[in-house]
Structures are given as structure tokens and as C-alpha cells.
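To keep things clear, I will list the structure first and then write my remarks on it.
The values are calculated or read from the model by the stated rules, or taken from the named source; none is laboratory data. Keep in mind it's a predicted model, so treat the numbers as computed, not measured. Every residue, glycine as well, gets a Cβ built from its backbone with ideal geometry; the counts of neighbours run over all protein chains shown.
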Amino acid sequence: MNAPLSFAFMLRPTVYLETFGCQMNELDSELVVGSLRAMGYSFTPDASAAGVVLYNTCSVREHAEQKVWSRLGELAIRKLEQPGLVVGVLGCMAEREGAALIKRMPVVDIMVGPAELDKLPSLLDNAVRTRASIVADEADAAVARLTSPMLASEERKLRSADQVALQGATSRRTTTLAAAADQLEMLDLSRAVSPDDHSGSAYVRITRGCNKFCTYCVVPHTRGAEVHRPPEHIIDECKRLADAGVLEVTLLGQTVNHYRFEHGSAVTIGGVIQPQKGRVYKKTADHADAYAGERVTTFADLLHQIHERVPAIKRLRFVTSYPRSFGNDVLSVIKASPRICRYLHVPAQSGSDRMLTAMNRGYTVEEYFEFLDRARAFLHEPEISRPLTVAGDIIVGFPGETEEDHQATAALLRRARYKNCFIFKYSSRPGTVADDKLPDDIPDEVKRRRNSELLALQNEISAEISAEYAGTTVDAFVQGVSRRDEKKARRTGAAAPGATKATPSGAITLTIGGRAMGVSGAEDEAPSTCTVDASHIHNPVLTNDPANHHADEHAETVQLSARTDGDLIVFFDAPAPAATALIGRIVRVRIDRTTNLALHGQTV
Ligand code: 5AD
Ligand code: SF4
């Protein structure tokens, strides 16, 4: 019999958490870290030192899921040696795969869908206890095997069969609010905010889920129906973050501009106002929310209120916008609000009407440009140093995409002039309409070619847009040490200045196709399909710049990575001792060199 494990050890093994996918997953991970820390769990960035390994997963493309499968394969081997190891799969992949995942990979102990994350702390406790009893049983079985070799193979099989705590909701929430949603709201409400635990930038969720059902997309199936959080909860969260020193807030939603909260039909349970499913977004002929009114908080109202009531937030932005539902009411608020960034991420997905219909996007190319032209007419004011920058998403190789459709998408890129665009190869996702009804008929080499053609074109456009900033001075929000210098520091074994602030939640972030904000190495803008890597950019101009040697002839400099209000990446060098202090601050940088990926300059 094993010596009994101490209660504290059983309940509080060290946790390694790795995040895949979008910003919503990064926020979910941050909330999970907070809730587990409150239970006494601590975190490690070293997977091999952890007693609990959690993956917060993404299902948007197959590639992201494959990474998790291969990690689980490695853990299955490790678990033979470390049977007490607890493994959890959180997020969209857990939801999409359901119990089938555990059948395929019995190394998994816990599965939690994105709409059930509030249940993770109790599930984890159960799993830790259960694994501890398996370890004790194994010790007994080892003794038994000594006397009865017949048992050996049976016992081995049993050892690898897990105790499972599965909480994946495979059905879509139906009425205004399911009980699961209330609990999920509690997870957001209990967010731990501390002045030492952020890099000056934070995400705040305003809506969950999506109702659009684009035919390629798994998100409505994994994250459920669109629900809007009460405005007071959002504003309070922004205030708490600002009080803790956060300067930049990014509001999150799959279709963020659908936000609307109708106070007349608000439901309160246990003293807590509940998130609201609300009515389908509708706009008036002059492009405003059709349901606007005194007892309604529209997206425009929400932006205005955060801007006015939390002035300590110096940068307010939001992702992702849906192009058809973008009102002039929102554009007017952005124009009138100096602290709202003039940056929009509005995916077009294709430049062909035929493809847009097959994708069920709900707009034509002309309608997309009607919106983009209108947004630029309102917001593009470079003459007062307030240009509008726009980013997009494109899918190449959607079923049936012809060369003509592809050329139409190239034409869209030329006309849209995005500052950057994520370009993805279509990946057929089980459970989606496209996967059911449309054969994935574009060969991979054609997808790859179309992908690189569009990337090359977008790189030219991005380079032209960057070049417009040469010789100007920009306000740049410092996010951390550049990935180039982080790597250099790792090679030499030195800690890069700012490294301690760089991963505020203690969670490991691996962003595929999204962008890593508020995390060091934030220039990792490129999607997994992108061929260019900003980390290789060297900056000889600045390292030889006399300005850098002003204070101390031999002072070491470190390259910092920052963002403009329009979300362009800025690199500049700072003397190493002072660099950490700049992280999370806004500095003035004079731009003296530009590339398609970034602006390079020096502080003024
Ligand atoms: N295949 C490829 N790209 C996809 N996206 C969503 N689903 C798929 C898919 N099945 C892309 C879209 C979306 C972004 C988050 O991911 O461009 O805007
Ligand atoms: Fe997916 Fe379309 Fe919803 Fe975006 S709007 S999350 S692409 S279904």
C-alpha cells in the first residue's frame, strides 16, 4: 500500500495551462487561472514540472486540433510513468468532440466546453482525488502482480483507463437564458484583478456565442447562442481593470457590434442581472440600431458609456465586427471619443458574391464596401493624426472556389487596403453545414498557392500603408520585449527585462491565427499560414543610434514591441535598465524605418 498522500498535495498540484486559438480563449484562460488560484492551485510555465496539464483548445481549423492530439499522445506516454498526472481538455475541441475524445485518448481526465468553464474548479478537484486513488490502487496491483502474473496485462489496461469528469454541453442553449449561462457570468464577475498581474492591457467580454452560422464555422456549435452581458457588469469590470492600472481594454465578442441590452426585459436571479439573448440585430435605413431607446443600451451606447465613465482607459478597442450590422451611431461615437481607437477588424472572408452566398455571410461585396467607404468617410482623418486602420480575414479554397472567385478576392484586397489581413486555407469542420453539404474539393496545393498569392499581395499593401508613417511620430502602447530579444535572452540564459510582466496570468499562450495581445512577443501577428516571421527582423539602425548611447556609452539596449492606436506594430530600443518600466505605458516614437510588418523608430 502506498503511503497516504497529504491532503494538500492531492488537492493542489501545480498546473500547466496552454492556450490555443483566439482572444476569447485567452480571456477564458485568464478567468480559469483566477478561479483555480482562488482554490489554492499554483501555475508553472514548465509542463514537465506540472501535476495537472490543461489545454484550452480551438476547433476553428483542423491544424489547431492536431497540435492538441499530438500533445495528448506525448502525455499518454508520460502518464505511464506518472499515473497521478491529471490531463484536461477545455474549450471548443472538448465541446465539439464530446465523449468520443476520451474514448480515443483515455489519457484525458477532464473535458470542459467553453460554456461550462465555471465548473472546472470542482471537476479538477474530483479528478485530482480520483487519480490519487488510482495511484494507490496501482501500488496494490503491483503487489498482486508479483503473486499472480496473469493479472499483469489486465492491470496495465486498467491503469490507463481514466476517471472521467466530462461536462460538455452539446446542445445549443434555447430560451433567453439557461442556468449554465448565469454561472458563466459569475466566472466573468469573479475575475481577479490585481495591479501586479497584468501588462497594462486586458480583454473584456461583452457578448458570448454567435448566431450567424456561417457555413464553414464551428463557433456557433461550440460557443452556443449569442448572449449579451449586462452593461453595468462590463463597465464595472473596466473600472476595476483601470483601477489596477490597465490602460488598454479590448472588448470581445464574435460579432461585437450586435451588442444590445434591453433593460425592460432584464432578468435578475439571486441579485445578479443576467446576460440576455435579446432580439436579432436590426438597423434603420440611416444605419442605426432599430431598437435604440431610453431603456436600451446599444453597442454605440456601451462604447460611449465606457469612454465617459472610465477615462483612465486610454485605449478602448473592440473585435470582431460583423460588416452588415455596423451603424453610423457607432461610427459617430468613435469619431467623438478621443480614447476609442480608430481600428476595425471586419472580416470579408471572400471577394466573390458566389462564395459569400455559399458561406452564408449575408452580404454582397458591394454591401461590404458600402460599409467600408462609410467607415472611412467618418473616421479616416490622417490630417489630425487620426487615420482609420482596418484589418480583415479571408478564407481561400472554400468548396467550389474558382480561379475567377480567387481573382475577385484579390481585387477585394486591393480595394479594401487592410493594414493586415489573416488569410486562412479552408479547413472542413465536422458538424458545420459546409462539411455536411459541400465537398472539400479544392486540392491542398491550389489552396496553398492561392494563400501565398494573397499573402504576397497583402504584404505589398501593408508595406505601402506602413510607409505612410515614415517620418511621423506616433503614440505607441508598449506591450513587452520584442520576440527577437526574448529569444536572444533565452539563448544567452538571461531573463529579458519585462519577462516577469509578460505572462500576467501565468498561463502559456500559443495563438494560432489570432493575435497575442498583452503578451510579450506580441508581434506574432501572423496567422499560422503566414510565411513571414517578424521575429527575424533585425534593427541595425537603432543599435548604432547615438541616442541609445547617450546615458551610458556601454548601456545595453533591449528592443521593445508596441502598438499604435491603429494597431500597427512598433519596435524601438530602450536602455535595458529602464525598459521594464515602459511596459504597459504609452510612449511617443519617431518612425524612421518601415516594413510590411512593422514600424521601427526611437522614443522622443
Ligand atoms: N477554415 C478556415 N478558416 C476558418 N475561419 C473560421 N472557420 C474556418 C474554417 N473552417 C477563419 C475565418 C474567421 C477566423 C477567425 O477564422 O476567417 O474570421
Ligand atoms: Fe463564425 Fe461567422 Fe460567427 Fe464569425 S460570424 S464566429 S465566422 S459563424
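Structure values in brief
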item: Single match in GLU370, GLU383 (criterion: of a type outside the set (A, V, I, L, M) and at pLDDT below 95); result: GLU383
item: Test: residue in segment 370-384 that is in a loop (DSSP other than H, G, I, E, B) and more than 16 Å from ligand 2 (Cβ to nearest atom); result: yes
item: Residue satisfying condition, being hydroxyl-bearing (Ser, Thr, Tyr), more than 23 Å from CYS92 (Cβ to Cβ), within 15 Å of ligand 1 (Cβ to nearest atom) and touching a strand residue (DSSP E or B) at 6+ places or on another chain (Cβ under 8 Å), within set THR389, THR409; result: THR409
item: Pick from segment 325-341, criterion buried (at least 20 other Cβ atoms within 10 Å of the Cβ) and part of a helix (DSSP H, G or I), ranking: nearest to ligand 2 (Cβ to nearest atom); result: SER325
item: Counted residues, segment 389-403 - those being surrounded by 24 or more Cβ atoms within 10 Å (Cβ to Cβ), more than 15 Å from LYS425 (Cα to Cα) and in contact with a Cys (Cβ under 8 Å, 6 or more places away or on another chain); result: 0
item: Top-ranked residue of segment 567-604 - restricted to ones that are of a type in the set (A, V, I, L, M, F, W, C) and assigned to a loop (DSSP other than H, G, I, E, B), ranked as farthest from the chain's Cα centre (by Cα); result: VAL604
item: Some residue of segment 305-314 being of a type in the set (S, T, N, Q) and farther than 20 Å from LYS239 by Cα; result: no
item: Among the candidates PRO121, PRO114, residue that is more than 16 Å from ligand 2 (Cβ to nearest atom), modelled with pLDDT of 80 or more and not β-branched (Val, Ile, Thr); result: PRO121
item: Considering residues of segment 201-210 that are more than 15 Å from ligand 1 (Cβ to nearest atom) and not hydrophobic (A, V, I, L, M, F, W, C) only, the residue nearest to ALA300 (Cα to Cα); result: THR207
item: Complete set of residues in segment 215-246 that are part of a loop (DSSP other than H, G, I, E, B), buried (at least 21 other Cβ atoms within 10 Å of the Cβ) and either touching a residue at least 60 places away in the same chain (Cβ under 8 Å) or within 16 Å of ligand 1 (Cβ to nearest atom) (or both); result: TYR216, CYS217, VAL218, GLY224, GLU226, VAL246
item: Lone qualifier among ALA285, ALA292 - being touching a residue at least 12 places away in the same chain (Cβ under 8 Å), in a loop (DSSP other than H, G, I, E, B) and over 24 Å from GLN23 (Cβ atoms); result: ALA292
item: Single condition VAL346 does not satisfy, out of (1) of a type in the set (A, V, I, L, M, F, W, C); (2) surrounded by fewer than 23 Cβ atoms within 10 Å (Cβ to Cβ); (3) away from ligand 2 (no atom under 16 Å from the Cβ); (4) closer than 27 Å to VAL204 by Cβ; result: (3)
item: Selection count where residues are modelled with pLDDT of 95 or more, of a type outside the set (Lys, Arg), within 14 Å of ligand 2 (Cβ to nearest atom) and touching a helix residue (DSSP H, G or I) at 6+ places or on another chain (Cβ under 6 Å), scope segment 423-439; result: 1
item: Residue match in segment 287-299 (condition: in contact with a helix residue (DSSP H, G or I) (Cβ under 9 Å, 6 or more places away or on another chain), under 26 Å from SER427 (Cβ atoms) and surrounded by 21 or more Cβ atoms within 10 Å (Cβ to Cβ)); result: no
item: Of all residues making up segment 296-341, the number that are basic (Lys, Arg) and more than 21 Å from ARG240 (Cα to Cα); result: 2
item: Pick from segment 247-279, criterion of a type in the set (A, V, I, L, M) and in a loop (DSSP other than H, G, I, E, B), ranking: surrounded by the most Cβ atoms within 10 Å (Cβ to Cβ); result: LEU247
item: Residues being more than 16 Å from ligand 2 (Cβ to nearest atom) and of a type in the set (A, V, I, L, M) - total across segment 217-253; result: 8
item: Test: GLU308 is more than 16 Å from ligand 1 (Cβ to nearest atom) and assigned to a loop (DSSP other than H, G, I, E, B); result: no
item: Residues that are of a type in the set (S, T, N, Q) and closer than 17 Å to VAL53 by Cα, drawn from segment 102-138; result: SER122, ASN126, THR130
item: Residue check, LEU177 surrounded by 23 or more Cβ atoms within 10 Å (Cβ to Cβ), more than 16 Å from ligand 1 (Cβ to nearest atom) and modelled with pLDDT under 85; result: no
item: Residues that are more than 22 Å from the chain's Cα centre (by Cα) and hydrophobic (A, V, I, L, M, F, W, C), drawn from segment 88-109; result: ALA99, ALA100, LEU101, ILE102, MET105, VAL107, VAL108
